[in-house]
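Before any comments, here is the structure.
The values are calculated or read from the model by the stated rules, or taken from the named source; none is laboratory data. Not measured: the values here are computed from a predicted model. Ideal geometry is used to build each Cβ from the backbone, glycine not excepted, and the neighbour counts take in all protein chains shown. In case anyone asks, the SASA skips ligands and DNA or RNA and just uses the protein heavy atoms, side chains included. Shrake-Rupley method; radii C 1.70, N 1.55, O 1.52, S 1.80 Å.
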Amino acid sequence: MSFRVRSYIVSPKALVLVIVGAGVLGMLVQQVYSNPYSTAIPPLLICGGIVGWGVRNEAEFHAPITVSDRGLVISYVLVAAGVLVAYASTGFHRPFDLPVLLLLLYVVTLACVFMLERADVAVALVALTGVLHRGFVYYSSSVQVGLDPLFHTSVAAAIRDTAQLTPLAYSKYWYAPFFHLLTAATSGGLGVSVRDAAFLTTIIATVVPVVTIAIVLGRIWQPHVGALGAFLFVASRLSVEQTANTGPESLGITLFVLLLALAISYLEYGTDSRSTLFAFGVTLLVLVFTHQFSLFVAALAISVYTGVQVLWRGRPGRREITLWGLLVSAVAFQTSITKYDGPAGGGEPFLVEVAGGILTDLTTSVSRGGRVESLPHLRDVTLSGADSSGLPLVLSLAILYGFAVAGAIYWISQDREFHVRTGLGLGVVVTTLSAIGLGTPLLGMNALLPGRWFLYLVPLLAIFAAPGVAMTASAGARLLSGRRASRGSVVLSVALVLALPYLLFAIGSVATSVDGPYFDDAPGAARAATNATEADLYRFLDQHGPGEELPARGAENPYDDSRTNIVADHVAKQVISRHYHQPAVYYKTHVGDSGPAYETNALLVHRAYARTPHVSYDIEYLDEEYRVFGPLPTPKHPQIVYSNGPDRVLFVNQSSSD
């Protein structure tokens, strides 16, 4: 790459213009294709660009040390212990309507990041805060929280009991069983439940990225910036959501972060390259047998970063070629052996399924001329996806984008080539992943799972955001105090002001407060936890489902179990089928109908939450099925066969209603 091209690409002024232009373009797109992402992210990109330009020449950050490490650590331990006791006493539900205790814990943790002399101690406290928060989410539900985790933990239990992989025979995870084997071995070896054993994954998926991010930033900048980056990652809504919903992807994202850090170390640091390459190879091998999608994202991200380094230097070196060779081999091997429906399913190879989905999306989008077919307007019905989401769901991510933009501008404004080169490489990776996550929905392409890419973006955004927050706090404190910000406690005050909105929207969102979000009343802001009365209802169905005699109310209600289905909303169906192993189907109705659209009789799960706008079910319209949010339509004249307060099971006799 010529010097003139380099100087233009890494020019802070050019980067600010590009970022502001992208923000303006996003705001224009929002006028046509409105969703929370296109509403929240573009303005904060512009703000981040302006702030980054203002702090680009700020002196190197130094955390203010104003109290003894021992006193601050003791304060943290007392606060953390108090929060833990308070949550444990309420069954891990929040003790108050507002997240005051959790917010207090994060504020004290941030104070430790800025004020502890030893950054490694601060990183340890950040990791502990992350584990505690995820533990509150994980254990706030009467059954395993999340939908996919119900499947994965159920399979792990079956593997533990049978000592065979047969339970995965119809799944693509037959070829990537590391999570299931780890959970089964932990459960059997320690004699704990599978749910408790799976929490080990949550701990790993919290601690490993925290330490990795801190090391990466500590080597590029300095240790306290590393601790700040770890803090921003731990507090992220998407990070909490994914790590609390245990499964192969949680480990996959962890391995993705570790692989990227090892790739940077291998390419940028000349010492101990053989051991780094060995660690990279072992981590890549584990990822191959952990999660296919994470492997693809890791291969793409590292290939892009390596490609930027090759363009910078003007030619590929031995190390770049080695990494590309390993990544291509890993992806080729995994895609060649994996079948989407497992070895017993007889389906197409995984790569064929994915390619077919992408092709279908493209042809459908072209045939519709960019139009998206939809339901007619229905009262109390909202389509899932962007229509059902609210701004609070994405505001913490948007704020993180703003901080990351400011940090990226500061990053490439430094004189050292190493800073510029690594910043440029990581920046292109972030741009690539963001383009897929934000751009493919505009083309009507869902086969690439655009929402999932943000899970992998969060650690990268945190890496960029850390110097952005640090330098913005330093600049703000310097302007306010008129003295060296690095020595003033006012730095912490400014940092708290900057971080408070991010923390509030992160810890008050759907995923991070599963017993009900505080700041979001959008239909898609649904409670994820299963409460005690719902668990009683599900156990009733487990004991009296099809094949068992039901105690009817008001009349005898014998039914032919061959003509009866358990019908439930999306969340309840998954819990019933995956946790209690009772066959169930999603509630589906036709436009204008008031009952399930099935020819068989139905045991309709009608929990109290089904009367709120946050429950999801299916509507059939013009031979298409749409997932919607809204109160579950109640059929006419059902028989109540179970009631526990407002949580009920209704028997719908379709033959009598015809």
When you scan segment 387-405, do you find a residue that is at pLDDT below 75 and either under 30 Å from residue 307 (Cα atoms) or open to solvent by 30 Å² or more (accessible area, probe 1.4 Å) (or both), even just one? yes
Considering every residue within segment 204-217, establish whether at least one is under 14 Å from residue 130 (Cα atoms) and not aliphatic (A, V, I, L, M). yes
Among the residues of segment 266-287, are any open to solvent by 10 Å² or more (accessible area, probe 1.4 Å), in contact with a Leu (Cβ under 8 Å, 6 or more places away or on another chain) and more than 24 Å from residue 425 (Cα to Cα)? yes
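Among what's in segment 310-354 and is in contact with a Gly (Cβ under 6 Å, 6 or more places away or on another chain) and open to solvent by 70 Å² or more (accessible area, probe 1.4 Å), pick the residue that is nearest to residue 448 (Cα to Cα). Show your work before the answer.
Here is the first cut: in segment 310-354, the ones in contact with a Gly (Cβ under 6 Å, 6 or more places away or on another chain) are 339-341.
From what is left, the residues that are open to solvent by 70 Å² or more (accessible area, probe 1.4 Å) are 339-340.
Details: 339: 17, 340: 15 Å.
My answer is 340.
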Failed item, numbered, when residue 13 is tested on (1) open to solvent by 60 Å² or more (accessible area, probe 1.4 Å); (2) modelled with pLDDT of 90 or more: (2)
Surrounded by fewer than 18 Cβ atoms within 10 Å (Cβ to Cβ) and under 22 Å from the mean Cα position of the chain (by Cα) - does that describe any residue in segment 72-92? no
State the number of residues belonging to segment 621-636 that are open to solvent by 100 Å² or more (accessible area, probe 1.4 Å) and on the phi > 0 side of the Ramachandran plot. 2
Against the condition over 16 Å from residue 81 (Cβ atoms) and either open to solvent by 10 Å² or more (accessible area, probe 1.4 Å) or of a type in the set (Phe, Trp, Tyr) (or both), how does residue 114 come out, does it pass? yes
